[in-house]
Amino acid sequence: MQYSTKVMEHFANPHNVGEIPDADGVGYVGNPVCGDIMQLYIKVQDGVITDAKFKTFGCGAAIATSSMVTDMVKGKTIDEALKISNRAVAEALDGLPPVKMHCSVLAEEALASAIDDYYKKRVLPSPVKLKVGHEHEAD
Amino acid sequence: MRKVYFDHAATTQPDRRVVEAMLPYLEETFGNPSSIHDYGSAAKEAIEKARARVASLINAARPEEIYFTSSGAEADNFALKGIALGNQQKGKHIVTSQIEHHAVMHSAQTMEKWGFQVTYVPVDKYGVVDPADVARAITPQTTLVSIMHANSEVGTIQPIAEIARITRERGVLLHTDAVATVGIIPVDVKELGVDLLSLSGHAFYGPKGAGALYVHKGVRIVPFIDGGVQEGGRRAGTENVPAIVGLGVAAEIAKAEVPGRGAQLTPLRDRLARGLLERIDRVYLNGHPTQRLPSHVNVCVEYIEGESILLFLNMQGVAASSGSACTSRALKASHVLTAMGVDPALAQGSLLFSLGRGNTQEDVDYVLEVLPPIVERLRQMSPLYAARKDS
């Protein structure tokens, strides 16, 4: 498996590992049968994501994308965060092997799920369209 | 940093004597074995010497029962397709198991696309095929049963001799994929009672690019590659002379060393298995407790995923492998563990340590020292572990 140096850096020393006990939104995507689960926590203040943390069960790419996406959302408004695509996460990591692109999809979905949860907690209509289930991209 | 190679199931380092024996055939003894002149006959002689050595290692009655191939995978393809096609006037049914190497399993699936029927017999929780299931699966249309000698992932050894008694009685041919056993434990085609057997040189300190299929004399098998007289007209193509020479030398060395190889590996294997179970919570040993290869320790580590463990192990100088989704690139849990009934989530955390003759007790102790903190670190990151602690 050829991972970029950036992926290996984020895998070996991931940023933002952990939980936020009083999180404003929590996302949970994936399932153990597929081999990856991401749990992503966000803290929101005045429409801006001030903190993000994660816990991930998965391969090197799953951990690296979790680390990267939590880095990327910090300081962004909800609207800006929703625009972070899986490709942007993969690019920020200097690319992922094709068979691992689904990990970046999972990161995007974990973020969307956390934002959706944020709206639900506030009993507000959520702008997030969640995908039902989690499908791997074909390799 | 210490370097520990625990991935002998993937490949082994060629023996120095193998490499030295190969070198002349990469240089001055370059002739084509089919040529009539001295260059050709020197190469031809070398190939026939290798053939006799491989035959001797597996106790085949005649050297001409050995067909050289490019790999174990090719030998498996040759056996399944060659026997199925060569005997289809009798019937179009094959019996194999759910835990075969993909070279057998995917060949069987291809045969299904070609109009053959295949029965995949199950295994028990240790990965053992029940000969009674094979007996039940055989129909009057069955031409071939293919069951691996030992599973390359979990190391479970199959009751091949017992299965052979059934296939012989029912007039069905028996093939065994012995890539995981030849050169590691004693393999005797007469004792096993098989009609065909696949082996691979790089699995036992030989070079890559050379494998062989043993075909019992008189067995009807169609050529695998058309186009030449090589390998009795059944496998055309100018022979890979250096690799075949290397395979022959590896076979000769193995014949002398195999009894000692098991004796050297077994205590290391047991020390590693015991140590892992003692030092790490929620680790499960896969495979049969006693009917197993001396080289394999396969475990599932709960709550974490195999590839991340392997990447961290690699950073500590330890080379191992995993049957898990990400490493096999299949994005699915190992079909072997699944067939054994291992929970699919747990199967994602599978690790295979395959030991070889260069390994020492210090290697085992080093892995036992570096692995627990890696597991702990990944578990601290895992939402599954957190959920377990909460509940």
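Here A:Val99 fulfils each of the conditions (1) open to solvent by 20 Å² or more (accessible area, probe 1.4 Å); (2) at pLDDT 95 or above; (3) not acidic (Asp, Glu) apart from (2).
Going through region B:156-171 one residue at a time, which ones are surrounded by fewer than 24 Cβ atoms within 10 Å (Cβ to Cβ), of a type outside the set (Gly, Ala, Ser) and more than 21 Å from B:Ser295 (Cα to Cα)? Listed by number, the residues that qualify are B:Glu162, B:Arg165, B:Ile166, B:Arg168, B:Glu169, B:Arg170.
Quick one: would you say B:Gly237 is in contact with a Gly (Cβ under 9 Å, 6 or more places away or on another chain), modelled with pLDDT of 95 or more and in a helix (DSSP H, G or I)? No. In the set B:Gly115, B:Gly91, B:Gly31, only one residue is more than 17 Å from B:Asp177 (Cβ to Cβ) and surrounded by fewer than 17 Cβ atoms within 10 Å (Cβ to Cβ); that residue is B:Gly115.
Considering only region B:136-155, how many residues are open to solvent by less than 30 Å² (accessible area, probe 1.4 Å) and over 30 Å from B:Ala10 (Cβ atoms)? Matching residues across region B:136-155 total 4.
Just to confirm my filter: which helices (runs of 4 or more DSSP H) fall fully inside region A:1-111 and include at least 3 residues that are in contact (Cβ under 8 Å) with a residue 12 or more places away in the chain and within 12 Å of chain B (Cβ to nearest Cβ)? Talk me through it step by step, then tell me what you get.
Working: elements: A:5-12, A:60-73, A:78-82, A:86-92.
Answer list for region A:1-111: A:5-12, A:60-73.
Each residue in region B:69-88 was checked for being out of contact with any Lys or Arg (no Cβ under 8 Å at 6 or more places or on another chain), under 21 Å from B:Arg136 (Cα atoms) and open to solvent by 10 Å² or more (accessible area, probe 1.4 Å), and 1 of them qualify.
Remark: B:Gly183 matches the filter, which requires a residue to be under 16 Å from the mean Cα position of the chain (by Cα) and either of a type in the set (A, V, I, L, M, F, W, C) or open to solvent by less than 10 Å² (accessible area, probe 1.4 Å) (or both).
Residues satisfying the criterion are absent from region A:14-24 (criterion: touching a strand residue (DSSP E or B) at 6+ places or on another chain (Cβ under 8 Å) and crowded, with 24+ Cβ neighbours inside 10 Å). Residue count for region A:112-127 satisfying the condition of being touching a helix residue (DSSP H, G or I) at 6+ places or on another chain (Cβ under 8 Å) and part of a helix (DSSP H, G or I): 3.
Selection of helices (runs of 4 or more DSSP H) fully inside region B:288-360 by the criterion of at least 1 residues being modelled with pLDDT under 95, more than 8 Å from chain A (Cβ to nearest Cβ) and surrounded by fewer than 18 Cβ atoms within 10 Å (Cβ to Cβ) returns B:335-339. Restricting attention to region B:253-269, the residues that are within 21 Å of the chain's Cα centre (by Cα) and loosely packed, with under 15 Cβ neighbours inside 10 Å add up to 4.
Residue count for region B:119-130, restricted to those that are open to solvent by 20 Å² or more (accessible area, probe 1.4 Å), assigned to a strand (DSSP E or B) and touching a helix residue (DSSP H, G or I) at 6+ places or on another chain (Cβ under 7 Å): 1. Can you say whether B:Ala250 is within 15 Å of B:Ser56 (Cα to Cα) and open to solvent by 50 Å² or more (accessible area, probe 1.4 Å), as far as the supplied structure shows? Spelling it out, it is not the case that B:Ala250 is within 15 Å of B:Ser56 (Cα to Cα) and open to solvent by 50 Å² or more (accessible area, probe 1.4 Å).
Note on region B:1-58: residues that are in a loop (DSSP other than H, G, I, E, B), within 18 Å of B:Ala256 (Cβ to Cβ) and hydrophobic (A, V, I, L, M, F, W, C) amount to 1. For region B:195-202, check the following and say yes or no: at least one residue is open to solvent by 10 Å² or more (accessible area, probe 1.4 Å), out of contact with any Lys or Arg (no Cβ under 7 Å at 6 or more places or on another chain) and under 30 Å from B:Lys255 (Cβ atoms). Yes, region B:195-202 has at least one match. If the condition is being part of a strand (DSSP E or B) and either without any contact (Cβ under 8 Å) to a residue 24 or more places away in the chain or touching an Asp or Glu at 6+ places or on another chain (Cβ under 7 Å) (or both), then region B:59-101 contributes B:Tyr67, B:Phe68. Within 14 Å of another protein chain (Cβ to nearest Cβ), of a type outside the set (S, T, N, Q) and either open to solvent by less than 10 Å² (accessible area, probe 1.4 Å) or outside any helix (DSSP H, G or I) (or both), is that true of A:Leu130? Against the criterion (within 14 Å of another protein chain (Cβ to nearest Cβ), of a type outside the set (S, T, N, Q) and either open to solvent by less than 10 Å² (accessible area, probe 1.4 Å) or outside any helix (DSSP H, G or I) (or both)), A:Leu130 does not qualify. Summed over region A:73-96, residues that are open to solvent by 20 Å² or more (accessible area, probe 1.4 Å), in contact with a Leu (Cβ under 9 Å, 6 or more places away or on another chain) and within 21 Å of A:Glu9 (Cβ to Cβ) total 1. Kindly check whether there is at least one residue in region B:362-371 that is more than 14 Å from chain A (Cβ to nearest Cβ), under 23 Å from B:Gly260 (Cα atoms), touching a strand residue (DSSP E or B) at 6+ places or on another chain (Cβ under 8 Å) and at pLDDT below 95. No: zero hits. Taking the condition modelled with pLDDT of 95 or more, in contact with a helix residue (DSSP H, G or I) (Cβ under 9 Å, 6 or more places away or on another chain), of a type in the set (A, V, I, L, M, F, W, C) and surrounded by fewer than 24 Cβ atoms within 10 Å (Cβ to Cβ), does A:Val7 pass? Taking the combined requirement at face value, the residue does not satisfy it.
The values are calculated or read from the model by the stated rules, or taken from the named source; none is laboratory data. Remember, it's a predicted structure, so these values are computed and weren't measured experimentally. All Cβ positions, glycine included, derive from the backbone under ideal geometry; neighbour counts span all protein chains shown. With ligands, DNA and RNA removed, areas are computed over all heavy atoms of the protein, side chains included. Shrake-Rupley method; radii C 1.70, N 1.55, O 1.52, S 1.80 Å.
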